[in-house]
Amino acid sequence: MGCPNAENVEADRLVPVSWNPTITNAGRCSTYPVSVQIEVLDRVGVFKDILSRLSDRNINVRKAQVKTEVGKPALIDLCIDLRDRQQLESIFTQIKQMSDVLNIRRVSEQIE
C-alpha cells in the first residue's frame, strides 16, 4: 500500500477505491470540461475547420462563442470535453498546425 497507517488497518475495514476511472458505467471514457481560447485570422470557414478537427478526434464541444471585429483577429472561446492532459496537448498541436491559427491557450474561467 505504501502508507504505514493503512498497513495496520484490519482487512475488513478497507474499502477498494479507484481514481479517475477511464471507463464509466455507460462504457464511455470519463471526460473533463476544458476552456480554451483560439485566436485566428478571420475568414469564412475557419470555425468549421476547427470543429472538424475536434469532431475527427471524438471531442465534444459543450460551449462555443466567436467574437469578430473588422480588421482584427477573431477570438473563438470553446469549452470542450477532454479525457486527459495527453489529449489536450494532442489537440493543441493539431490546431496550432492550421495556417489561420495565431494562438491557442487554455483559460481557467468557464466561458459564459
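None of the figures in this text is laboratory data; all of them are computed from the coordinates on show. The structure displayed is predicted, hence computed values, not measured ones. Virtual Cβ from ideal backbone geometry, glycine too; neighbours counted across all protein chains shown.
A few comments on the model shown:
- Compactness of region 30-107 as Cα Rg over 2.2 N^0.38 Å, two decimals: 1.03
- For residue 74, the shell of other residues with beta-carbons less than 10 Å away shows a net charge of -1, using +1 for Lys and Arg and -1 for Asp and Glu.
- A simple count of charges around residue 102, restricted to other residues whose Cβ falls under 10 Å of its Cβ and scoring Lys, Arg +1 and Asp, Glu -1, yields -1.
- Here the Karplus curve 6.51 cos²θ - 1.76 cosθ + 1.60, taken at θ = phi - 60°, turns the phi angles of region 62-67 into couplings of 7, 9, 8, 8, 10, 10 Hz, with x standing for Gly and Pro.
- Set of aspartates and glutamates with alpha-carbon distance to residue 72 below 16 Å, sequence-local pairs under 8 removed: 39, 42, 100
- Cross-link reach list, lysines versus residue 48, counting only Cα pairs under 16 Å and skipping chain neighbours closer than eight places: 63, 67, 96
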